[in-house]
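J.: Structure incoming, see below.
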Amino acid sequence: MTTATLPYRVTPARVLRSEWHKFWTLRSTWITLVVTSALTVAMGAGLGAAYDGSGEGGMDTVMFVLLGTQFATINLGVLGILATAGEYSTGQIRATMTAVPRRLPVLWSKAAVLTAVALPLTLATNLLTFPLAQSFLAGTDLSACFGDPGVLRALAGNAAGLTLLAVLALGIGALLRSVPVAIGAFIGLVMILPEILAMLPYAFVDDAVRYFPGKALEALTTAQPLPGAASPGAALLAMFLWTAALLTTAAVALRRKDV
């Protein structure tokens with residue numbers, strides 16, 4: 001029997017199309033994406049305009065220009081959590097899993113849709129923010145251009161890191177199934193836990209903390225490597241492994257638990 005004679009047959013392409021439709025029909029999606037991009041651009045331009053060139057040196061220009069991505073970390077993380085835990089809060093997950101009883105294609109499709117949206121959005125925002133901020137930084141110690149060593153790599157690395165954080169948050173949402181609990185866990189993992197661990201007087205803890213998601217994102221966002229930070233390649237690999245681990249854990253829980 002062919003697919004043509006089974007118009008309601010569940011296929012990966014149809015699941016993906018369904019998740020794409022759900023993602024874009026939510027008002028929160030549009031608001032979050034617009035606000036994320038606007039805040040990053042506005043903060044980059046504002047910092048560039050306010051900078052008087054009196055820095056003591058050593059500040060990375062890409063990191064300075066993209067300080068607004070601190071908002072993007074939270075916004076995209078919340079968006080990822082809403083994509084999964086949000087369905088549990090509304091009860092829509094029952095209809096979703098009834099339509100796709102194998103369950104896992106839903107998780108993979110949600111992750112694919114979020115990646116397909118977050119990566120080009122953050123990259124385009126970075127490529128807009130950087131030259132806009134640099135128009136104010138010309139003649140200062142933070143003046144730079146796309147052709148300078150490490151600049152394009154840092155802009156792209158930041159976009160890749162933010163995308164992985166968004167998908168990581170999606171995995172947390174699927175695992176915890178509660179929007180407020182998942183948001184708390186995401187913020188704790190990315191922003192709070194590394195700072196707490198860094199206060200411990202153990203060298204091996206310091207070595208481990210540099211590979212936590214938030215610290216790895218910082219390493220990816222610098223044109224010149226930071227002292228004591230992970231290399232860009234190692235930071236990207238660490239973020240990928242964090243994301244893969246959480247998605248895998250969420251997948252196991254999805255298969256074993258009732259909705």
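J.: Compute the Rg/Rh shape ratio of the chain: radius of gyration over Kirkwood radius, all on alpha-carbon atoms.
T.: Reported Rg/Rh (Cα atoms, Kirkwood Rh): 1.03.
J.: Still on this structure, please answer the following. State in Å² the accessible area per residue of the stretch 204-259; use a 1.4 Å probe, count heavy atoms of protein chains only, and round to the nearest integer.
T.: Working: 2940 Å² over 56 residues.
Each residue of the stretch 204-259 exposes 52 Å² on average to a 1.4 Å probe.
J.: So which residue, out of Ala160, Ala38, Ala133, gets the largest mean-square fluctuation from a GNM of the chain using Cα contacts under 10 Å as springs?
T.: Evaluated over the chain, the most mobile residue of the options is Ala38.
J.: Can I ask one more? Taking square-rooted eigenvalues a ≥ b ≥ c of the alpha carbon gyration tensor, is the stretch 69-212 rounded, prolate or oblate, where a/c under 1.5 means rounded and, failing that, a/b exceeding b/c means prolate? Write out the running numbers ahead of the final one.
T.: Details: a/c = 2.70, a/b = 1.51, b/c = 1.79.
Here the stretch 69-212 falls in the oblate category.
J.: Right, something else. Using the beta-carbon distance between Ala13 and Arg102 and R0 = 22 Å, what value does 1/(1 + (r/R0)^6) give for FRET efficiency, to the nearest 0.05?
T.: Efficiency, from the Cβ-Cβ distance: 0.95.
J.: Further, regarding this structure: Hey, can you grab everything whose amide H is under 5 Å from the amide H of Gly68? Only 5+ residues off in sequence or another chain; H modelled, so Pro and N-termini drop out.
T.: Amide H neighbours of Gly68, under 5 Å, 5+ apart: Gly44.
J.: Taking a cut-off of 26 Å between Cα atoms, list the lysines near Lys215, but don't count ones fewer than 8 places away on the same chain.
T.: Those lysines meeting the cut-off are Lys110.
J.: Considering only the other residues whose Cβ falls under 12 Å of the Cβ of Asn158, what net charge follows from Lys and Arg at +1 and Asp and Glu at -1?
T.: -1
J.: In nm, to one decimal, how far is the modelled label at Leu26 from the one at Arg256, with both set 7 Å along Cα→Cβ?
T.: Here the modelled spin labels are 2.6 nm apart.
J.: Could you work out the helix-only [θ] at 222 nm for the chain, with each DSSP H run of four or more residues adding -39,500 (n - 2.57) and the total divided by the number of residues, to the nearest 500 deg cm²/dmol?
T.: Taken over the chain, the calculation gives -24000 deg cm²/dmol.
J.: Sticking with this one: Please determine, in degrees from 0 to 90 and to the nearest 10, the orientation of helix 12-25 with respect to the longest principal axis defined by the Cα atoms of the chain, where the helix direction is its Cα long axis.
T.: Taking the Cα atoms of the chain, the angle to 12-25 is about 60 degrees.
The values are calculated or read from the model by the stated rules, or taken from the named source; none is laboratory data. Being a predicted model, the structure only gives us computed values, none of them experimental. When we count neighbours, we look across all protein chains shown, and the Cβ atoms used for this are built from the backbone with ideal geometry, even at glycine. Areas reflect the complete protein model, heavy atoms only, side chains present, ligands, DNA and RNA absent. Shrake-Rupley method; radii C 1.70, N 1.55, O 1.52, S 1.80 Å.
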